[in-house]
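Worksheet for the structure shown next.
The values are calculated or read from the model by the stated rules, or taken from the named source; none is laboratory data. Keep in mind that what you see is a predicted model, and the values were worked out from it rather than measured. Glycine gets a Cβ as well: all are built from the backbone with ideal geometry, and neighbour counts include every protein chain shown. Heads up: the accessible areas ignore ligands, DNA and RNA and are worked out on the full protein's heavy atoms, side chains in. Shrake-Rupley method; radii C 1.70, N 1.55, O 1.52, S 1.80 Å.
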2 protein chains.
Amino acid sequence: MGKERGRERWLTSQPWGLVEEPTLILDTRRAIANIESMARKAERSQVRLRPHFKTHQSAEIGEWFRERGVSAITVSSVAMAEYFVSHQWQDVTIAFPVNLRQIEAVSHLCQRAKIGLLFESVESVRHVAAKLKAEALAWIKIDTGYHRTGIDWDDLESCRSVARAIDQCPNLELAGLLTHAGQTYRASSSEQIRAIFHRTAERMNLARDGLAPTGEPVCLSVGDTPSCSLVDHFDQVDEVRPGNFVFYDLMQWLIGSCSQEQIAVGVACPVVAKHDDRREIVIYGGAVHLSKEFVYDAAGRKIYGGIALPAETGWTAMRSASYLAAISQEHGIVRADKELFATTEIGDLLVIIPVHSCLTANLLREYLTLDGQRMTVG
Amino acid sequence: MGKERGRERWLTSQPWGLVEEPTLILDTRRAIANIESMARKAERSQVRLRPHFKTHQSAEIGEWFRERGVSAITVSSVAMAEYFVSHQWQDVTIAFPVNLRQIEAVSHLCQRAKIGLLFESVESVRHVAAKLKAEALAWIKIDTGYHRTGIDWDDLESCRSVARAIDQCPNLELAGLLTHAGQTYRASSSEQIRAIFHRTAERMNLARDGLAPTGEPVCLSVGDTPSCSLVDHFDQVDEVRPGNFVFYDLMQWLIGSCSQEQIAVGVACPVVAKHDDRREIVIYGGAVHLSKEFVYDAAGRKIYGGIALPAETGWTAMRSASYLAAISQEHGIVRADKELFATTEIGDLLVIIPVHSCLTANLLREYLTLDGQRMTVG
């Protein structure tokens, strides 16, 4: 593009002409393709797709899932469950160890929809049993190697104790065992991620076998975006709960979960200053827009976001020699390649590919689609 | 405290009995003492205190400043300026390089209040000159060593060019030179921070001297919480703009800007699980509440927050052997000392001292005071 022509075009065309401050741009077509692809894979594997809605937190985006056959969802907080139940979602798992201080709100929710709660201790089950005023599904949270929380998959004794405590509570029905194999985020190859998925499924099956004497057969629920994106078939489990795949992001791309063409969100940020001596571009876009999540790329650079340019439909590929190198509350510092630096002017937009799209969407709380429609978060 | 008695007390007493999910607790008395102390120091130094309101973003907290003689403020975005102008603040500096894409909103603001804008290039001045429909104050942004943005303090030629461009714009009046010496956040001792303040003031004076031939004498504006907290007297400058000092936080405490007893905010987080084998407590409190900001302490531990306990008035001192070691979107993992682990039960609250209170307040958007009053952010 000729510079002057180019700049004029970006200032006025959809959606770029609408951007005054850091704005989360959503490529609807890509998001829908991501949903379709995951829904098809779940169907082929004959498992339930219970996508995690914490990534997008939007009732409108939720409808794109519903139109593709999804009827069960995952959320990470009681407030998010309330929001989606209000938008006619009737089967919602709150994938977070049940918070005893919200038991009243949880009781109300259970009167309105089928709610799944997570337990990993007898104390929590007993407390909930004493206070819950409606029926709920109970999932036992299993740790299959991530070591964030959950009962160790081979600690059958604890697992059985929790299952027995659930059995004794008339308001709780044991739904199954649930895990989040977040260790896939630390893997260094696709092979490793697939291996983690299969090991996770094996461990979950062993845990279920160990539970069998206590009652009916129960479901196994797993799911994280890297493994759900990379395995071809969801063997040996009943349910998958990936969330991030609807948008993907820089971290997922570096892990190898997606191609650049699958990343469905970028943050359009105005250029506010340039520094020739160090070839840096200052953008309006910082920690309150992107979060302070960072990754190291293959070259060992600490990166707060990838750099793309607005294009007529969507944005360009990321520029491999440019990156968001630092952020403070509102400022972002882009280390720019020579061509980017030379062709960028104050007032132009750069598109930042976020490191972690869930945190970015949570901060910006509004999407602007490529055709100029605005949609709010939660 | 006896465990059972203790727990019952925290569940019902103000403000702890009101806490169901991660909640930003504000110790009003401490915040007001911080404001008074800074206002008195500015008065003694005969400089204007123009506090940065991005930290608290609250009209109610703003009034505590007004009652102590503050009439001029700093903000970091046009939206924040609009909010505070709506709350009768009539002298507002938007301390961010002027964003050309918001010039229309800026024009409206300038019709309602005395607005200060930041410039560091002739292009920006010319663009604003062509579009601004009301009068504004112009500050030249100077880089005194932080290297985030601004004109190098010894680049007198660029400084003069920008000043001349401002002079030529009838709607802009040159207010002065402004810097943010954020390098104080990287200092390793109080002496270093004081030295940075004095070097900054010297450099600003040299820059002003270099400007003199272009017109009237102008003001010098500096300010960052570490140096404003640690110097006794604001010599050689006209205005200081610290922001974080109203609350302080773990980072400021580690830098040495404040004592623990000056930290005015903590995030009350429910305990949701415990892991005996690794002595970890899982709390409801993650990146969407605290941000992913972290610090390394003297022992080299990576810390996402300090750990205190609810007390009858406020919270206890931080426990030096316990810390928030990891966070994901909603989970926090506390490495607990033996006593803390033994005496903490699921359903209890821990008080997390945030690493960076500005980002935490921006995420939680509501304060709960120790006497149970709620106040919202922006």
Unit charges at the beta carbon, dipole of segment A:157-309: most positive-side option, A:Ile283, A:Gly243, A:Gln262:
A:Ile283
Applied in sequence order to segment B:274-282, the curve 6.51 cos²θ - 1.76 cosθ + 1.60 (Karplus, θ = phi - 60°) yields integer Hz couplings, x standing for Gly and Pro, of 9, 10, 4, 4, 10, 6, 10, 10, 9
Rounded to the nearest 10, the angle in degrees between the Cα long axis of helix A:156-167 and the longest principal axis of the Cα atoms of chain A comes to 80 degrees
Please compute the contact order of segment B:274-361 in relative form: average sequence separation of alpha-carbon pairs under 8 Å and at least six residues apart, divided by the residue count, as a percent.
37 percent
What gaps in nm, shortest first, separate B:Val122 from its twins in the other copies when you place the label 7 Å past Cα toward the beta carbon?
7.9
Across the identical copies, how the B:Glu60 labels are spaced - nm, sorted shortest first, 7 Å along Cα→Cβ:
3.3
Express the Stokes-Einstein translational diffusion coefficient of segment B:195-235 in µm² s⁻¹, to the nearest whole number, given a Kirkwood radius over alpha-carbon pairs, 4 °C and a viscosity of 1.567 mPa s.
115 µm²/s
Relative to the compact-globule estimate 2.2 N^0.38 Å (N residues), the Cα gyration radius of segment A:1-120 stands at a ratio of 1.41
Would you tell me the accessible area of A:Lys302, worked out with a 1.4 angstrom probe on the heavy atoms of the protein chains, in Å² to the nearest 10?
80 Å²
Could you work out how far helix B:103-112 tilts from the main Cα principal axis of chain B, as a 0 to 90 degree angle to the nearest 10?
90 degrees
Nearby lysines by direct alpha-carbon distance to B:Lys131 (threshold 28 angstrom, same-chain neighbours under 8 apart not counted)
A:Lys3, A:Lys274, B:Lys54, B:Lys114, B:Lys141
Given the rotation relating A and B, tell me which residue in A puts its Cβ closest to the axis and the distance in Å.
A:Lys292, 2
Roughly how many Å² is the accessible area per residue of chain B, as a whole number, for a 1.4 Å probe?
37 Å²
Cα axis of helix B:28-44 to longest principal axis of chain B: angle in degrees, 0 to 90, nearest 10?
30 degrees
Roughly how many debye, to the nearest 20, is the charge dipole of the protein assembly as shown about its Cα centre, given +1 on each Lys and Arg Cβ, -1 on each Asp and Glu Cβ, and no other charges?
60 debye
List the residues of segment A:124-159 whose accessible area drops by at least 50 Å² when all protein chains are present, compared with their chain alone, using a 1.4 Å probe and counting only protein heavy atoms.
A:Arg148
Cα-based shape type of chain B, given that a ≥ b ≥ c are square roots of the gyration tensor eigenvalues and the cut on a/c is 1.5:
prolate
Residue among B:Leu368, B:Leu254, B:Leu206 with the largest mean-square fluctuation in a Gaussian network model of chain B, springs linking Cα atoms under 10 Å:
B:Leu206
Can you work out ³J(HN,Hα) from phi for every residue in segment A:330-345, in order, using Karplus 6.51 cos²θ - 1.76 cosθ + 1.60 and θ = phi - 60°, giving whole Hz and x for Gly and Pro?
10, 8, x, 10, 9, 7, 9, 5, 4, 5, 4, 4, 5, 9, 9, 10
Rounded to whole Å, sorted largest first: equivalent-ellipsoid semi-axes of segment A:123-201, Cα gyration tensor:
30, 12, 10
For segment A:93-134, just say rounded, prolate or oblate: build the C-alpha gyration tensor, square-root its eigenvalues into a ≥ b ≥ c, call rounded for a/c under 1.5, and beyond that prolate if a/b exceeds b/c, oblate if not.
oblate
Cβ charges +1 (Lys, Arg) and -1 (Asp, Glu), total dipole of segment B:95-174, debye:
440 debye
Under 15 Å Cα to Cα from A:Lys133, which aspartates and glutamates show up? Leave out anything in the same chain fewer than 8 places away.
A:Glu104, A:Glu173
For peptide A:95-107, what's the mean number of Cβ atoms from other chains within 10 Å of each residue's Cβ?
5
Mind computing the radius of gyration and Dmax over the alpha-carbon atoms of the protein assembly as shown? Å is fine for both.
26.8, 90
Heavy atoms only, probe 1.4 Å: what % of the accessible area of chain A goes to carbon and sulfur, would you let me know?
46 percent
Bridge orientation stat for chain B from DSSP, antiparallel percent rounded to 5, came to 50 percent
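Using a 1.4 Å probe and counting only protein heavy atoms, arrange A:Phe294, B:Phe341 so the residue with the most accessible area comes first.
A:Phe294, B:Phe341
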For segment A:262-348, what does the alpha-carbon gyration tensor say about shape, rounded, prolate or oblate, given a ≥ b ≥ c as the root eigenvalues, a/c under 1.5 as rounded, and a/b over b/c as prolate?
rounded
Rounded to the nearest 100 Å², what is the buried accessible area between A and B, both sides summed, probe 1.4 Å?
4600 Å²
Taking each label point as 7 Å beyond Cα in the direction of the beta carbon, state the distances from B:Gly300 to the same residue in the other copies, shortest first, in nm.
1.8
Starting from the coordinates of the alpha-carbon atoms of segment B:184-269, obtain the Kirkwood hydrodynamic radius over all distinct pairs and give the value in Å to one decimal.
14.2 Å
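For the protein assembly as shown, what does -39500 (n - 2.57) per DSSP helix run (n ≥ 4), summed and divided by total residues, give at 222 nm, in deg cm²/dmol to the nearest 500?
-10000 deg cm²/dmol
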Which three extents, in angstrom, do the Cα atoms of segment B:233-304 have along their principal axes, listed largest first?
57, 25, 22
How large is ³J(HN,Hα) for each residue in segment A:195-212, as worked out from phi by the Karplus curve 6.51 cos²θ - 1.76 cosθ + 1.60 (θ = phi - 60°), to whole Hz, x for Gly and Pro?
4, 4, 4, 5, 5, 4, 4, 4, 5, 5, 5, 5, 5, 5, 4, x, 7, 2
Amide H neighbours of A:Leu174 under 5 Å, counting only residues 5+ apart in sequence or on other chains, H built in-plane at 1.01 Å?
A:Ala138
Under a Cβ-Cβ cut-off of 13 Å, what is the net charge of the residues other than A:Asn244 that fall near it, where Lys and Arg count +1 and Asp and Glu count -1?
-1
Run down the aspartates and glutamates and flag those whose C-alpha is under 19 Å from the C-alpha of B:Lys302, throwing out any fewer than 8 positions away in its chain.
A:Glu293, B:Asp249, B:Glu280, B:Glu293, B:Glu330, B:Asp337
Looking at chain A as a GNM with Cα springs under 10 Å, which of A:Ala268, A:Ala212, A:Ala308 has the largest mean-square fluctuation?
A:Ala212
Set Lys and Arg Cβ to +1 and Asp and Glu Cβ to -1, take the dipole of segment B:43-128 about its Cα centre, and tell me which of B:Ser58, B:Leu109, B:Val92 lies farthest positive.
B:Val92
